[in-house]
Amino acid sequence: MEAYLFYIMAAVSVTAAVYLVFEKNPVFSALYLIQTMVCIAVLYILLEAQFIAAVQIIVYAGAIMVLFLFVIMLLNLNIKEETKNALPFQKIPAIFMGIVLFTAICAVIKSKLLQGKQGEYTTAYVNSVGNTKLIGNLLFTDYLLPFEITSILLFVAAIGAIMLAKRKL
Amino acid sequence: MNKDLLVYIVVASIKIFLVFSAVQIMIISMIWLERKIMAHMQVRLGPMRVGPHGLLQPIADGIKLLFKEDIIPQKANKLLFLLAPVMTLVPALITFAVIPFGDKVKILGHSVNLVITDINVGFLYIFAVSSLGIYGIVMAGWASNNKYSLLGGIRSSAQMISYELPLGLSLIGVVMLTSSLSLVDVVNAQAKLWNIIIQPIGFFVYATSAIAEVNRCPFDLPEAESELVAGYHTEYSSMKFAMFFMAEYANMITVSAIAVTFFLGGWHGPFLPPVVWFMLKLSACLFFFIWIRSTYPRLRYDQLMHFSWKFLLPLSLFNILITGLIMVLKG
Amino acid sequence: MITLTHYLVLSAILFTLGVVGVLIRRNAIIIFMCIELMLNAVNLSFVAFAHYLNSMQGQLFVFFTMTVAAAEAAVGLAIIVAVFRNKETVNIDDMNIMKW
């Protein structure tokens, strides 16, 4: 059952990602990216990361991608824009380099380089306490400093975005 | 396949069927009730021709919409144009999966929890699903290839993003008090005292932003007839329009059900059975929506945005601060 | 049975597609979306590692990545809008002068 779900989600997300890269219309690209993100959220649930799955949908699909669609629609980008390409011969080398990169990553995965120590948070333990509770505990104890720094980062980003997008202050 | 799994699947299917039929029936009756109640509030009679007191009006409306010509604009983006109504309706309906509508009951020796599924991230699930509802409206606005539709779609996405923040933050106070994200736990914690008494600010913020979130009057700018023709569904006709219409009512029922679960004690109440209490509270919330609609004029767009960012958002943050402070002081 | 390798290969495929997209597309917004795809692919491998190593760190890192991605999207789109105002285009080949 889980295996089937994994293969379906993997196939859909890869197909959507391919369309995202090769689609002419930016609106469709954005919708395909949303599709990929939703599939990845399902995979997170398969990996027993319910909190991350929910945040993936809320933050990525619900906020970031709406922003993207918003900008695409406001700028009203037409498809003609893309046709004038200054470097038309870049496509084939780019795809070739992509395949090389993929092979390199696969070689790393296949080699035994990616080994790690088993941690203490087994599935049974996580389910007994609750995924969200554990993440919350860790965020406010061991990872408090990074957590606070991200809040500053978001604050700075909000101010920066307003500064950049506003015509006159 | 083992027996437990089979029982689980059968029980879940029955629950899903019952909940969805109930929601559909409520949508149909809401359409009639809204017209009647608004009419009487404005000293009119409302629909009277079809059936006694216009009781068959929703069915007549449904038949009319079904037989209307289904128009797709020539320059419209066909795929997205067809997909948009579905994308609006589905998120509105699947939120009901986590809303508890009754206590545990014993049926044929099986203890059945009257909620479709009790997941431990129910609160996050609601927000994940409701944040997807924007796409239907944005897609409808863009795919129609009509400037009024596009303006309606953009307005609505801006409005829904702005009001989603206070909507989510207003419920955080309740989550802090119950210290659980499961909606069943939230309801169980309100057996003695409803959260509306402990969290009055939270309820106020929730009620206001919920009305904005479902694009109802006085926050119905996305479909403001007088300025945008009908907003994002200008180009829609026939059953596709009916689906937008149904989605609006389904959204209203969803946010009302969340309000009942988080603030009004869920299915708790004396004398009457739990399911009846739940329905009564839900109806009261829906009546409130209609009441507001027939009372207030529409806000201007800048007023709407200022209200969300400069008033509701700080207020909901203040509510969280106060709740945390009191919880720490009480230990 | 689905193993860690399955997830890592899927993540590698998505990451590669993101890289290819950045290299071959000319529309700044689509390039930006491809970067988001790459971030998502990396997040997937983080969570997969966390699950198969019985650890929590992976999920926490994904949380931080998402906040950074949100900040990045806000600022990046603001830059694209600002550039569009001046140049009337989002084609990156036209953004070839370093100052105005």
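Looking for something over 26 Å from the mean Cα position of the chain (by Cα) and among the aromatic types (Phe, Trp, Tyr) - is there at least one such residue anywhere in the range B:61-70?
Checked against the condition, which is being over 26 Å from the mean Cα position of the chain (by Cα) and among the aromatic types (Phe, Trp, Tyr), the range B:61-70 yields at least one hit.
Those residues that are under 16 Å from A:Ile34 (Cα atoms) and without any contact (Cβ under 8 Å) to a residue 12 or more places away in the chain, I need them from the range B:104-129; list them, please.
Within the range B:104-129, B:Ala128 is the sole residue that qualifies.
Just for the range C:49-93: of the residues that are at the interface with another protein chain (Cβ under 7 Å from one of its Cβ atoms) and part of a loop (DSSP other than H, G, I, E, B), which one is nearest to the chain's Cα centre (by Cα)?
In this case the residue turns out to be C:Val90.
Would you be able to tell me the number of residues in the range C:16-46 that are facing another protein chain (nearest Cβ under 7 Å) and closer than 16 Å to A:Met9 by Cα?
3
Kindly indicate whether B:Leu167 is among the aliphatic types (A, V, I, L, M), closer than 19 Å to B:Phe289 by Cβ and buried (at least 23 other Cβ atoms within 10 Å of the Cβ).
yes
Kindly indicate the residue of the range A:133-169 that is β-branched (Val, Ile, Thr) and in a helix (DSSP H, G or I) and also nearest to the other protein chains (Cβ to nearest Cβ) among those meeting that condition.
Looking at residues that are β-branched (Val, Ile, Thr) and in a helix (DSSP H, G or I), I get A:Thr150.
Checking B:Lys78 against (1) surrounded by 13 or more Cβ atoms within 10 Å (Cβ to Cβ); (2) at pLDDT 80 or above; (3) more than 21 Å from A:Phe51 (Cα to Cα); (4) not hydroxyl-bearing (Ser, Thr, Tyr), which single condition isn't satisfied?
All conditions are met except number (1).
Matching residues to (1) in contact with a strand residue (DSSP E or B) (Cβ under 9 Å, 6 or more places away or on another chain); (2) on the phi < 0 side of the Ramachandran plot; (3) surrounded by 24 or more Cβ atoms within 10 Å (Cβ to Cβ):
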| position | (1), (2), (3) |
| --- | --- |
| B:Leu114 | yes, yes, no |
| B:Ser130 | no, yes, yes |
| B:Ile137 | no, yes, yes |
| B:Ile154 | no, yes, no |
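Looking at B:Leu132, B:Leu181, can you tell me which residue is assigned to a helix (DSSP H, G or I), in contact (Cβ under 8 Å) with a residue 12 or more places away in the chain and either over 26 Å from A:Val59 (Cβ atoms) or not aromatic (Phe, Trp, Tyr) (or both)?
Of B:Leu132, B:Leu181, the one residue that is assigned to a helix (DSSP H, G or I), in contact (Cβ under 8 Å) with a residue 12 or more places away in the chain and either over 26 Å from A:Val59 (Cβ atoms) or not aromatic (Phe, Trp, Tyr) (or both) is B:Leu132.
May I ask you to say which residue of B:Ile326, B:Ile320 is of a type in the set (Val, Ile, Thr) and crowded, with 16+ Cβ neighbours inside 10 Å?
Sole residue among the options that is of a type in the set (Val, Ile, Thr) and crowded, with 16+ Cβ neighbours inside 10 Å: B:Ile320.
Inside the range B:293-308, can you point out the residues that are among the aromatic types (Phe, Trp, Tyr) and surrounded by 14 or more Cβ atoms within 10 Å (Cβ to Cβ)?
B:Tyr301, B:Phe307 - these are the residues of the range B:293-308 that are among the aromatic types (Phe, Trp, Tyr) and surrounded by 14 or more Cβ atoms within 10 Å (Cβ to Cβ).
Between A:Ala94, A:Ala53, which is modelled with pLDDT of 85 or more, part of a helix (DSSP H, G or I) and more than 26 Å from A:Val129 (Cα to Cα)?
Unique residue meeting the criteria: A:Ala94.
The values are calculated or read from the model by the stated rules, or taken from the named source; none is laboratory data. Just so it is clear, the structure is predicted and the values come from calculations on it, not from any experiment. All Cβ positions, glycine included, derive from the backbone under ideal geometry; neighbour counts span all protein chains shown.
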